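Structure first, then comments.
The values are calculated or read from the model by the stated rules, or taken from the named source; none is laboratory data. In this text the structure is predicted, and so the values were computed from the model without any measurement. When we count neighbours, we look across all protein chains shown, and the Cβ atoms used for this are built from the backbone with ideal geometry, even at glycine. Calculation scope for accessible area: heavy atoms of the full protein, side chains included, ligands and nucleic acids excluded. Shrake-Rupley method; radii C 1.70, N 1.55, O 1.52, S 1.80 Å.
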Amino acid sequence: MAAEFSYHGDALFCEHVPLDQIANEYGTPAYVYSKAAIRSRFHQYEDALAGLPHRVCYAVKANSNLAVLATLAAEGAGFDIVSGGELYRVLAAGGDPSSVVFSGVGKTAAEIRYALEQNIHSFNCESETEIELISTIAASSGQTACIAIRVNPDVDAVTHPYISTGLREHKFGIDIARAEEIYARVARLPGIEVNGVSCHIGSQLLSVEPLLEAADKVLALVQRLRGAGLTIRDLDLGGGLGVPYRSEERRVPVDTFIQRLRGKLQDSNLTLMLEPGRSIVAEAGVLLSRVLLVKTNDDKTFVIVDAAMNDLIRPALYQAHHEILPARRVKGPVQPVKADVVGPVCESGDFFARGRDLPPLAPGDLVAIKTAGAYGFVLASNYNSRPRPCELLVDGARIHVARRRETFPDLIRGESSATGAASGIKQTECEHDQSPCDICTGSS
Ligand SMILES: *Cc1c(COP(=O)(O)O)cnc(C)c1O
(Lines give C-alpha, C1' and ligand atoms only; values in the text may rest on other atoms or scores of the structure.)
Protein backbone atom coordinates (compact mmCIF):
# COMPACT_ATOMS: atom_id res chain seq x y z
CA MET A 1 0.00 0.00 0.00
CA ALA A 2 1.22 3.42 -0.83
CA ALA A 3 2.47 5.73 1.91
CA GLU A 4 -0.51 7.89 0.97
CA PHE A 5 -2.63 5.49 3.02
CA SER A 6 -1.38 5.50 6.60
CA TYR A 7 -2.44 5.77 10.20
CA HIS A 8 -2.35 9.10 11.97
CA GLY A 9 -3.03 8.31 15.56
CA ASP A 10 -5.63 5.54 15.44
CA ALA A 11 -7.28 6.62 12.21
CA LEU A 12 -6.40 5.37 8.73
CA PHE A 13 -6.08 8.24 6.29
CA CYS A 14 -5.99 8.63 2.52
CA GLU A 15 -3.69 11.62 2.10
CA HIS A 16 -5.24 14.23 4.46
CA VAL A 17 -8.66 12.63 4.80
CA PRO A 18 -9.62 10.02 7.41
CA LEU A 19 -11.36 7.05 5.81
CA ASP A 20 -14.18 7.10 8.38
CA GLN A 21 -15.03 10.63 7.32
CA ILE A 22 -15.24 9.43 3.72
CA ALA A 23 -17.51 6.55 4.71
CA ASN A 24 -19.79 8.85 6.67
CA GLU A 25 -20.06 11.34 3.80
CA TYR A 26 -20.21 9.04 0.78
CA GLY A 27 -21.35 5.69 2.17
CA THR A 28 -19.86 2.24 1.66
CA PRO A 29 -18.70 0.27 -0.19
CA ALA A 30 -16.51 2.90 -1.82
CA TYR A 31 -13.33 2.81 -3.86
CA VAL A 32 -10.94 5.44 -2.56
CA TYR A 33 -7.97 6.48 -4.72
CA SER A 34 -5.03 8.71 -3.84
CA LYS A 35 -4.14 11.12 -6.62
CA ALA A 36 -0.66 11.66 -5.18
CA ALA A 37 -0.01 7.91 -5.20
CA ILE A 38 -1.05 7.57 -8.85
CA ARG A 39 1.20 10.45 -9.82
CA SER A 40 4.17 9.22 -7.83
CA ARG A 41 3.95 5.73 -9.33
CA PHE A 42 3.82 7.18 -12.84
CA HIS A 43 6.81 9.39 -12.09
CA GLN A 44 8.83 6.42 -10.86
CA TYR A 45 8.75 5.27 -14.47
CA GLU A 46 9.31 8.73 -15.94
CA ASP A 47 12.22 9.52 -13.62
CA ALA A 48 13.94 6.19 -14.24
CA LEU A 49 13.51 6.62 -18.01
CA ALA A 50 14.93 10.15 -18.14
CA GLY A 51 17.30 10.63 -21.04
CA LEU A 52 16.14 7.49 -22.83
CA PRO A 53 13.71 7.94 -25.75
CA HIS A 54 10.54 6.48 -24.27
CA ARG A 55 6.78 6.62 -23.83
CA VAL A 56 4.90 5.28 -20.82
CA CYS A 57 1.47 4.17 -22.04
CA TYR A 58 -0.71 3.52 -19.01
CA ALA A 59 -2.78 0.33 -19.51
CA VAL A 60 -6.30 1.72 -19.28
CA LYS A 61 -7.89 -1.62 -18.44
CA ALA A 62 -6.35 -1.61 -14.94
CA ASN A 63 -8.49 1.35 -13.88
CA SER A 64 -10.33 3.33 -16.53
CA ASN A 65 -12.07 5.95 -14.40
CA LEU A 66 -12.02 9.34 -16.15
CA ALA A 67 -10.45 11.06 -13.15
CA VAL A 68 -7.62 8.51 -13.09
CA LEU A 69 -7.06 8.89 -16.85
CA ALA A 70 -7.19 12.69 -16.60
CA THR A 71 -4.67 12.64 -13.75
CA LEU A 72 -2.27 10.61 -15.86
CA ALA A 73 -2.94 12.59 -19.05
CA ALA A 74 -2.03 15.77 -17.16
CA GLU A 75 1.30 14.17 -16.20
CA GLY A 76 2.02 13.40 -19.85
CA ALA A 77 1.16 9.70 -19.94
CA GLY A 78 0.33 7.88 -23.13
CA PHE A 79 -2.29 5.12 -23.06
CA ASP A 80 -2.50 1.45 -23.94
CA ILE A 81 -6.05 0.53 -24.91
CA VAL A 82 -7.71 -2.78 -25.68
CA SER A 83 -11.06 -1.61 -27.03
CA GLY A 84 -12.89 1.22 -28.74
CA GLY A 85 -14.57 1.98 -25.44
CA GLU A 86 -11.21 2.59 -23.81
CA LEU A 87 -10.25 4.97 -26.62
CA TYR A 88 -13.49 6.85 -26.02
CA ARG A 89 -12.62 7.16 -22.33
CA VAL A 90 -9.08 8.37 -23.07
CA LEU A 91 -10.46 11.07 -25.38
CA ALA A 92 -13.13 12.05 -22.84
CA ALA A 93 -10.41 12.41 -20.20
CA GLY A 94 -8.39 14.75 -22.41
CA GLY A 95 -5.76 12.17 -23.39
CA ASP A 96 -3.74 12.73 -26.55
CA PRO A 97 -4.71 10.16 -29.23
CA SER A 98 -1.25 10.40 -30.77
CA SER A 99 0.09 8.77 -27.59
CA VAL A 100 -2.29 5.80 -27.78
CA VAL A 101 -1.34 2.24 -28.66
CA PHE A 102 -4.16 -0.21 -29.40
CA SER A 103 -3.51 -3.74 -28.11
CA GLY A 104 -5.76 -6.77 -28.05
CA VAL A 105 -6.23 -10.08 -29.82
CA GLY A 106 -9.61 -9.34 -31.46
CA LYS A 107 -10.16 -5.82 -32.78
CA THR A 108 -13.36 -5.24 -34.74
CA ALA A 109 -13.54 -3.31 -38.02
CA ALA A 110 -15.51 -0.57 -36.26
CA GLU A 111 -12.85 -0.24 -33.56
CA ILE A 112 -10.07 -0.08 -36.16
CA ARG A 113 -11.96 2.61 -38.11
CA TYR A 114 -12.51 4.66 -34.93
CA ALA A 115 -8.84 4.41 -33.95
CA LEU A 116 -7.73 5.46 -37.45
CA GLU A 117 -10.12 8.43 -37.44
CA GLN A 118 -8.62 9.53 -34.13
CA ASN A 119 -5.06 9.14 -35.44
CA ILE A 120 -3.71 6.93 -32.70
CA HIS A 121 0.03 6.26 -32.55
CA SER A 122 -0.06 2.58 -33.49
CA PHE A 123 -1.75 -0.80 -33.42
CA ASN A 124 -0.12 -3.71 -31.61
CA CYS A 125 -1.23 -6.53 -33.89
CA GLU A 126 -1.63 -10.14 -32.94
CA SER A 127 -2.33 -11.93 -36.24
CA GLU A 128 -1.84 -11.62 -39.98
CA THR A 129 -5.60 -11.57 -40.44
CA GLU A 130 -5.85 -8.53 -38.19
CA ILE A 131 -3.11 -6.73 -40.13
CA GLU A 132 -4.88 -7.51 -43.43
CA LEU A 133 -8.10 -6.03 -42.01
CA ILE A 134 -6.29 -2.90 -40.84
CA SER A 135 -4.66 -2.61 -44.27
CA THR A 136 -8.01 -2.85 -46.09
CA ILE A 137 -9.65 -0.25 -43.84
CA ALA A 138 -6.72 2.17 -43.87
CA ALA A 139 -6.10 1.90 -47.63
CA SER A 140 -9.78 2.41 -48.48
CA SER A 141 -9.80 5.72 -46.61
CA GLY A 142 -6.39 6.82 -47.88
CA GLN A 143 -4.77 6.49 -44.45
CA THR A 144 -1.65 4.78 -43.20
CA ALA A 145 -1.76 2.72 -40.03
CA CYS A 146 1.41 2.38 -37.98
CA ILE A 147 1.73 -1.13 -36.64
CA ALA A 148 3.87 -3.19 -34.32
CA ILE A 149 3.53 -6.95 -34.20
CA ARG A 150 3.05 -8.43 -30.77
CA VAL A 151 5.37 -11.37 -30.68
CA ASN A 152 5.17 -14.19 -28.23
CA PRO A 153 8.73 -14.63 -26.94
CA ASP A 154 7.95 -17.98 -25.27
CA VAL A 155 9.16 -17.07 -21.80
CA ASP A 156 7.45 -18.24 -18.66
CA ALA A 157 6.22 -15.26 -16.69
CA VAL A 158 5.74 -17.23 -13.45
CA THR A 159 2.46 -15.72 -12.32
CA HIS A 160 -1.15 -16.82 -11.97
CA PRO A 161 -2.05 -18.90 -15.08
CA TYR A 162 -4.95 -16.54 -15.96
CA ILE A 163 -2.58 -13.57 -16.27
CA SER A 164 0.41 -15.30 -17.87
CA THR A 165 0.43 -14.57 -21.60
CA GLY A 166 3.92 -15.10 -23.00
CA LEU A 167 4.06 -18.84 -23.65
CA ARG A 168 3.54 -20.42 -27.07
CA GLU A 169 0.41 -22.17 -25.74
CA HIS A 170 -1.34 -18.84 -25.06
CA LYS A 171 -3.71 -17.10 -27.47
CA PHE A 172 -1.62 -13.92 -27.48
CA GLY A 173 0.79 -12.62 -30.09
CA ILE A 174 2.59 -14.24 -33.00
CA ASP A 175 5.23 -16.92 -32.41
CA ILE A 176 8.57 -15.11 -32.43
CA ALA A 177 10.00 -17.87 -34.63
CA ARG A 178 7.55 -16.89 -37.42
CA ALA A 179 7.84 -13.14 -36.92
CA GLU A 180 10.39 -12.31 -39.64
CA GLU A 181 8.42 -14.06 -42.35
CA ILE A 182 5.22 -12.26 -41.32
CA TYR A 183 6.91 -8.85 -41.00
CA ALA A 184 8.31 -9.25 -44.52
CA ARG A 185 4.87 -10.07 -45.88
CA VAL A 186 2.80 -7.38 -44.12
CA ALA A 187 5.36 -4.62 -44.77
CA ARG A 188 4.24 -4.73 -48.41
CA LEU A 189 0.53 -4.31 -47.64
CA PRO A 190 -1.11 -1.01 -48.66
CA GLY A 191 -2.00 1.38 -45.84
CA ILE A 192 0.45 -0.26 -43.43
CA GLU A 193 3.64 1.18 -42.02
CA VAL A 194 5.61 -1.29 -39.95
CA ASN A 195 7.01 0.67 -37.06
CA GLY A 196 7.75 -1.50 -34.07
CA VAL A 197 7.87 -4.76 -32.20
CA SER A 198 5.86 -5.40 -29.06
CA CYS A 199 5.38 -8.05 -26.43
CA HIS A 200 3.59 -8.44 -23.12
CA ILE A 201 4.31 -11.63 -21.22
CA GLY A 202 1.95 -11.41 -18.28
CA SER A 203 0.85 -9.51 -15.23
CA GLN A 204 1.76 -9.35 -11.54
CA LEU A 205 5.37 -10.35 -12.22
CA LEU A 206 7.36 -10.26 -9.01
CA SER A 207 10.69 -10.86 -10.73
CA VAL A 208 12.08 -8.82 -13.61
CA GLU A 209 14.11 -11.73 -15.00
CA PRO A 210 11.38 -12.98 -17.39
CA LEU A 211 10.87 -9.41 -18.64
CA LEU A 212 14.59 -9.02 -19.28
CA GLU A 213 14.71 -12.40 -21.00
CA ALA A 214 11.83 -11.30 -23.25
CA ALA A 215 13.63 -8.01 -23.94
CA ASP A 216 16.73 -9.89 -25.12
CA LYS A 217 14.70 -12.09 -27.46
CA VAL A 218 12.78 -9.15 -28.88
CA LEU A 219 15.94 -7.03 -29.30
CA ALA A 220 17.55 -9.85 -31.26
CA LEU A 221 14.46 -9.90 -33.48
CA VAL A 222 14.75 -6.14 -34.03
CA GLN A 223 18.33 -6.68 -35.25
CA ARG A 224 17.21 -9.35 -37.69
CA LEU A 225 14.31 -7.24 -38.97
CA ARG A 226 16.55 -4.24 -39.48
CA GLY A 227 19.05 -6.49 -41.21
CA ALA A 228 16.26 -7.43 -43.61
CA GLY A 229 15.74 -3.75 -44.40
CA LEU A 230 12.74 -2.93 -42.20
CA THR A 231 12.49 0.29 -40.23
CA ILE A 232 11.85 -0.48 -36.57
CA ARG A 233 11.53 2.56 -34.31
CA ASP A 234 9.54 1.36 -31.30
CA LEU A 235 10.24 -1.43 -28.86
CA ASP A 236 7.18 -2.03 -26.69
CA LEU A 237 7.80 -4.33 -23.74
CA GLY A 238 4.23 -4.23 -22.42
CA GLY A 239 3.31 -3.98 -18.77
CA GLY A 240 3.29 -6.55 -16.04
CA LEU A 241 5.39 -5.34 -13.12
CA GLY A 242 3.80 -6.69 -9.96
CA VAL A 243 2.92 -5.06 -6.68
CA PRO A 244 3.12 -6.46 -3.14
CA TYR A 245 -0.36 -7.67 -2.15
CA ARG A 246 0.97 -9.38 1.00
CA SER A 247 2.85 -7.42 3.60
CA GLU A 248 5.79 -9.85 3.33
CA GLU A 249 6.10 -9.45 -0.45
CA ARG A 250 8.70 -7.05 -1.77
CA ARG A 251 8.06 -4.31 -4.28
CA VAL A 252 9.62 -4.82 -7.71
CA PRO A 253 11.91 -1.82 -8.04
CA VAL A 254 10.96 0.06 -11.20
CA ASP A 255 14.27 1.91 -11.30
CA THR A 256 16.50 -1.18 -11.23
CA PHE A 257 14.32 -2.77 -13.92
CA ILE A 258 14.74 0.31 -16.11
CA GLN A 259 18.48 0.53 -15.37
CA ARG A 260 18.95 -3.01 -16.61
CA LEU A 261 16.93 -2.25 -19.74
CA ARG A 262 18.88 0.92 -20.31
CA GLY A 263 22.08 -1.11 -20.66
CA LYS A 264 20.48 -3.23 -23.39
CA LEU A 265 19.00 -0.27 -25.26
CA GLN A 266 21.99 2.05 -25.38
CA ASP A 267 22.63 3.15 -28.98
CA SER A 268 19.76 1.00 -30.23
CA ASN A 269 17.99 3.99 -31.77
CA LEU A 270 14.72 2.65 -30.40
CA THR A 271 11.94 4.35 -28.48
CA LEU A 272 11.18 2.21 -25.45
CA MET A 273 7.46 1.87 -24.86
CA LEU A 274 6.09 0.45 -21.62
CA GLU A 275 2.46 -0.32 -20.80
CA PRO A 276 2.22 -0.47 -17.00
CA GLY A 277 -1.23 -0.72 -15.48
CA ARG A 278 -1.25 -2.42 -12.10
CA SER A 279 2.08 -1.00 -10.92
CA ILE A 280 0.70 2.54 -11.33
CA VAL A 281 -2.74 2.24 -9.76
CA ALA A 282 -3.01 -0.91 -7.61
CA GLU A 283 -1.49 0.52 -4.45
CA ALA A 284 -3.20 3.87 -5.00
CA GLY A 285 -6.63 2.47 -4.11
CA VAL A 286 -8.54 0.77 -1.33
CA LEU A 287 -12.05 -0.62 -1.18
CA LEU A 288 -13.68 0.81 1.91
CA SER A 289 -16.39 -1.37 3.42
CA ARG A 290 -18.47 -1.52 6.57
CA VAL A 291 -18.97 -4.58 8.75
CA LEU A 292 -22.62 -5.64 8.66
CA LEU A 293 -22.42 -8.41 11.22
CA VAL A 294 -20.21 -11.06 12.70
CA LYS A 295 -21.44 -14.61 12.82
CA THR A 296 -20.06 -17.92 14.03
CA ASN A 297 -20.83 -21.33 12.53
CA ASP A 298 -19.36 -24.09 14.66
CA ASP A 299 -15.88 -22.84 15.39
CA LYS A 300 -15.64 -20.54 12.36
CA THR A 301 -16.04 -16.79 12.53
CA PHE A 302 -17.43 -14.87 9.56
CA VAL A 303 -17.13 -11.12 9.30
CA ILE A 304 -19.82 -10.12 6.82
CA VAL A 305 -19.11 -6.79 5.15
CA ASP A 306 -21.16 -4.66 2.78
CA ALA A 307 -18.72 -5.07 -0.13
CA ALA A 308 -18.86 -8.26 -2.16
CA MET A 309 -17.35 -10.15 -5.06
CA ASN A 310 -19.36 -8.04 -7.49
CA ASP A 311 -17.39 -5.00 -6.25
CA LEU A 312 -13.95 -6.69 -6.12
CA ILE A 313 -13.71 -10.06 -7.83
CA ARG A 314 -9.95 -10.61 -7.58
CA PRO A 315 -10.06 -13.05 -4.61
CA ALA A 316 -12.74 -15.16 -6.35
CA LEU A 317 -11.19 -14.97 -9.84
CA TYR A 318 -7.46 -15.18 -9.16
CA GLN A 319 -7.33 -16.50 -5.56
CA ALA A 320 -5.85 -13.06 -4.90
CA HIS A 321 -4.77 -11.94 -1.47
CA HIS A 322 -5.69 -8.49 -0.19
CA GLU A 323 -4.60 -7.18 3.19
CA ILE A 324 -7.46 -5.84 5.28
CA LEU A 325 -6.98 -3.00 7.71
CA PRO A 326 -9.38 -1.50 10.23
CA ALA A 327 -10.11 2.18 9.52
CA ARG A 328 -9.70 2.74 13.26
CA ARG A 329 -6.97 0.93 15.16
CA VAL A 330 -7.68 -0.47 18.56
CA LYS A 331 -5.44 0.94 21.28
CA GLY A 332 -3.14 -1.37 23.15
CA PRO A 333 -2.42 -5.05 22.60
CA VAL A 334 -5.25 -7.02 21.00
CA GLN A 335 -5.90 -10.72 20.69
CA PRO A 336 -6.41 -11.31 16.95
CA VAL A 337 -9.47 -13.22 15.81
CA LYS A 338 -9.19 -15.77 13.00
CA ALA A 339 -12.02 -15.01 10.62
CA ASP A 340 -13.29 -15.23 7.05
CA VAL A 341 -14.21 -11.84 5.63
CA VAL A 342 -17.10 -12.34 3.24
CA GLY A 343 -19.69 -10.37 1.31
CA PRO A 344 -23.46 -10.79 1.09
CA VAL A 345 -23.55 -12.37 -2.40
CA CYS A 346 -25.03 -15.83 -2.76
CA GLU A 347 -21.82 -17.64 -3.74
CA SER A 348 -19.26 -19.39 -1.57
CA GLY A 349 -16.63 -17.70 -3.72
CA ASP A 350 -17.73 -14.37 -2.29
CA PHE A 351 -14.87 -13.79 0.12
CA PHE A 352 -12.10 -11.27 0.69
CA ALA A 353 -10.06 -13.30 3.18
CA ARG A 354 -10.13 -16.79 4.66
CA GLY A 355 -8.81 -17.79 8.06
CA ARG A 356 -7.21 -14.37 8.46
CA ASP A 357 -5.93 -13.01 11.77
CA LEU A 358 -7.78 -9.74 12.26
CA PRO A 359 -8.35 -7.37 15.12
CA PRO A 360 -11.78 -7.94 16.69
CA LEU A 361 -14.43 -6.34 14.46
CA ALA A 362 -17.98 -5.36 15.33
CA PRO A 363 -20.99 -4.30 13.26
CA GLY A 364 -20.51 -0.77 12.00
CA ASP A 365 -16.70 -0.95 11.96
CA LEU A 366 -14.96 0.09 8.78
CA VAL A 367 -12.31 -1.89 6.97
CA ALA A 368 -10.04 -0.95 4.08
CA ILE A 369 -9.35 -3.73 1.61
CA LYS A 370 -5.89 -2.75 0.41
CA THR A 371 -4.25 -2.64 -3.00
CA ALA A 372 -7.58 -2.46 -4.81
CA GLY A 373 -6.81 0.34 -7.27
CA ALA A 374 -6.11 -2.01 -10.20
CA TYR A 375 -8.52 -4.58 -11.65
CA GLY A 376 -11.00 -3.56 -8.95
CA PHE A 377 -13.85 -1.33 -10.05
CA VAL A 378 -13.21 -2.15 -13.73
CA LEU A 379 -14.22 -5.75 -13.05
CA ALA A 380 -17.20 -4.82 -10.88
CA SER A 381 -20.64 -5.99 -11.93
CA ASN A 382 -24.22 -5.66 -10.81
CA TYR A 383 -24.45 -9.34 -9.84
CA ASN A 384 -27.22 -9.89 -7.26
CA SER A 385 -28.57 -6.53 -8.48
CA ARG A 386 -26.13 -4.66 -6.33
CA PRO A 387 -25.52 -1.07 -7.43
CA ARG A 388 -21.82 -0.58 -8.10
CA PRO A 389 -19.88 1.45 -5.51
CA CYS A 390 -18.79 5.05 -5.89
CA GLU A 391 -15.20 5.92 -6.78
CA LEU A 392 -13.57 8.81 -4.95
CA LEU A 393 -10.31 10.49 -5.84
CA VAL A 394 -8.62 12.12 -2.86
CA ASP A 395 -6.27 15.02 -3.60
CA GLY A 396 -4.76 16.36 -0.39
CA ALA A 397 -7.76 17.33 1.72
CA ARG A 398 -10.17 17.34 -1.24
CA ILE A 399 -12.49 14.49 -2.16
CA HIS A 400 -13.56 14.34 -5.79
CA VAL A 401 -16.49 12.08 -6.69
CA ALA A 402 -14.91 10.31 -9.66
CA ARG A 403 -18.00 8.16 -10.11
CA ARG A 404 -21.19 8.47 -8.17
CA ARG A 405 -22.63 5.43 -6.47
CA GLU A 406 -25.14 3.63 -8.67
CA THR A 407 -28.78 3.68 -7.68
CA PHE A 408 -31.63 1.23 -8.17
CA PRO A 409 -32.81 3.02 -11.34
CA ASP A 410 -29.29 2.54 -12.75
CA LEU A 411 -29.80 -1.19 -12.38
CA ILE A 412 -32.66 -1.32 -14.87
CA ARG A 413 -31.61 1.50 -17.19
CA GLY A 414 -31.82 0.24 -20.73
CA GLU A 415 -34.03 -2.72 -19.82
CA SER A 416 -37.69 -3.09 -20.64
CA SER A 417 -40.30 -5.65 -19.70
CA ALA A 418 -41.66 -7.37 -22.82
CA THR A 419 -45.13 -7.45 -21.29
CA GLY A 420 -45.29 -3.67 -21.07
CA ALA A 421 -46.21 -4.08 -17.41
CA ALA A 422 -46.55 -0.69 -15.82
CA SER A 423 -43.62 0.12 -13.65
CA GLY A 424 -44.39 1.22 -10.15
CA ILE A 425 -41.22 3.25 -10.00
CA LYS A 426 -39.96 6.29 -11.80
CA GLN A 427 -36.95 5.67 -14.00
CA THR A 428 -35.39 9.04 -13.50
CA GLU A 429 -31.79 10.09 -13.28
CA CYS A 430 -30.78 10.00 -9.66
CA GLU A 431 -28.01 12.10 -8.21
CA HIS A 432 -28.65 10.88 -4.69
CA ASP A 433 -26.08 8.82 -2.95
CA GLN A 434 -28.33 6.46 -1.09
CA SER A 435 -29.42 3.05 -2.24
CA PRO A 436 -32.27 2.52 -1.96
CA CYS A 437 -32.99 6.18 -2.46
CA ASP A 438 -36.45 7.20 -1.25
CA ILE A 439 -36.65 9.87 -3.90
CA CYS A 440 -35.82 7.65 -6.85
CA THR A 441 -37.84 4.70 -5.74
CA GLY A 442 -40.83 6.98 -5.37
CA SER A 443 -41.49 6.01 -1.78
CA SER A 444 -41.33 9.56 -0.48
C1 LIG B 1 -3.08 -6.00 -19.29
C2 LIG B 1 -2.05 -5.48 -20.22
C3 LIG B 1 -1.11 -4.55 -19.78
C4 LIG B 1 -1.02 -4.09 -18.34
O5 LIG B 1 -0.58 -5.09 -17.50
P6 LIG B 1 -0.27 -4.75 -15.95
O7 LIG B 1 0.09 -6.06 -15.38
O8 LIG B 1 -1.50 -4.17 -15.36
O9 LIG B 1 0.88 -3.79 -15.93
C10 LIG B 1 -0.22 -4.04 -20.70
N11 LIG B 1 -0.25 -4.44 -22.01
C12 LIG B 1 -1.14 -5.34 -22.46
C13 LIG B 1 -1.12 -5.72 -23.89
C14 LIG B 1 -2.07 -5.89 -21.59
O15 LIG B 1 -2.95 -6.79 -22.03
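Work out from phi, with θ = phi - 60° and the Karplus expression 6.51 cos²θ - 1.76 cosθ + 1.60, the ³J(HN,Hα) of each residue of region 17-26, listed in order in whole Hz, and give x for Gly and Pro.
Using θ = phi - 60°, the values come out as 10, x, 5, 5, 5, 4, 4, 5, 7, 10 Hz.
Round to the nearest 0.05 the FRET efficiency obtained for Lys300 and Val334 when R0 = 25 Å and r is the Cβ-Cβ distance.
After rounding, the FRET efficiency stands at 0.80.
Suppose all protein chains stay in the model; what accessible area per residue would a 1.4 Å probe give for the chain, in Å²? The partial results should precede the final answer.
Details: 18900 Å² over 444 residues.
About 43 Å² of surface per residue is accessible.
Take each of the peptides 12-22, 129-139, 194-204, average the number of other beta-carbon atoms within 10 Å over its residues, and list them starting from the highest.
Values: 12-22: 20.4, 129-139: 18.5, 194-204: 25.4.
Peptide ranking by packing, descending: 194-204, 12-22, 129-139.
Net charge near His8, counting Lys/Arg +1 and Asp/Glu -1 over other residues with Cβ under 13 Å of its Cβ?
Net charge in that neighbourhood comes out at -2.
Under 13 Å from the 7 Å Cα→Cβ point of Leu317, by amide nitrogen: which residues of region 375-403?
375-383
What per residue convex hull volume, in Å³, comes out for region 104-274 when only alpha-carbon positions are used?
Taking the convex hull of the Cα positions in region 104-274, it is 119 Å³ per residue.
So who's got an amide H within less than 5 Å of the one on Thr301, skipping anything under 5 residues away but keeping other chains? H placed 1.01 Å off N, in plane.
Asp340
Using the C-alpha gyration tensor of the chain, what are the square roots of 5 times its eigenvalues, in whole angstrom, with the largest one first? Let's see the in-between values first.
Working: eigenvalues 340, 141, 75 Å².
Listed largest to smallest, the semi-axes of the chain are 41, 27, 19 Å.
Keeping all protein chains in position, work out how much accessible area Phe408 exposes to a 1.4 Å probe, and write it in Å² to the nearest 10.
Approximately 80 Å² for this residue.
In the chain, carbon and sulfur make up what percent of the accessible area (probe 1.4 Å)? Display every interim value, and only then the final one.
On the way: 9490 of 18900 Å².
It is 50 percent, rounded to a whole number.
Can you list residues whose amide H is under 5 Å from Ala402's amide H, if they're 5+ apart or on another chain and H is modeled 1.01 Å from N?
Glu391, Leu392, Leu393
Would you rank Met273, Met309 by solvent-accessible area, highest first, keeping every protein chain in place and using a 1.4 Å probe?
Numbers: Met273 5, Met309 30 Å².
Correct descending sequence by accessible area is Met309, Met273.
How large is the helix-only mean residue ellipticity at 222 nm for the chain, computed as the sum of -39500 (n - 2.57) over DSSP H runs with n ≥ 4, divided by its residue count, in deg cm²/dmol to the nearest 500?
Estimated from H runs of four or more residues: -7500 deg cm²/dmol.
Within 11 Å, Cβ to Cβ, of Gly240, how many net charges do the neighbouring residues add up to if Lys/Arg are +1 and Asp/Glu are -1? Don't skip to the end; give the middle numbers.
Working: positive: Arg278; negative: Glu275.
For residues surrounding Gly240, the net value is 0.
Quick check: residue separation of Gln223 and Ile412 times 0.36 nm, minus the Cα distance between them. What number comes out in nm?
In short, 62.5 nm is gained.
Would you mind calculating the relative contact order of the chain from Cα pairs under 8 angstrom and at least 6 residues apart, reporting the percent as a whole number?
Relative contact order comes out at 18 percent.
First measure r as the distance between the Cβ atoms of Arg246 and Ala362, then evaluate 1/(1 + (r/R0)^6) with R0 = 25 Å and state the FRET efficiency to the nearest 0.05.
So the FRET efficiency works out to roughly 0.45.
List the residues whose amide H sits under 5 Å from the amide H of Phe79, counting only those 5 or more places along or on another chain, with H placed 1.01 Å from N in the peptide plane.
Here the answer is Tyr58, Val100, Val101, since their amide H atoms fall under 5 Å of that of Phe79.
Run the paramagnetic zone check for Ala184: 7 angstrom along Cα to Cβ, then residues of region 214-237 with backbone nitrogen under 14 Å.
Once the point is set 7 Å along Cα→Cβ of Ala184, 224-230 turn out to lie under 14 Å by backbone N, inside region 214-237.
Of Lys61/Lys107; Lys217/Lys370; Lys107/Lys370; Lys35/Lys338; Lys61/Lys217, which sit over 24 Å apart, Cα to Cα?
Among Lys61/Lys107; Lys217/Lys370; Lys107/Lys370; Lys35/Lys338; Lys61/Lys217, the Cα-Cα distance tops 24 Å for Lys217/Lys370; Lys107/Lys370; Lys35/Lys338; Lys61/Lys217.
In a Gaussian network model over the chain where Cα atoms closer than 10 Å are linked, find which of Ser98, Ser83, Ser348 has the largest mean-square fluctuation.
Its mean-square fluctuation being the largest, the pick is Ser348.
For a quick check of understanding: with a 1.4 angstrom probe and all protein chains in place, what accessible area in square angstrom does Glu75 have, to the nearest ten?
Accessible surface of Glu75 is approximately 50 Å².
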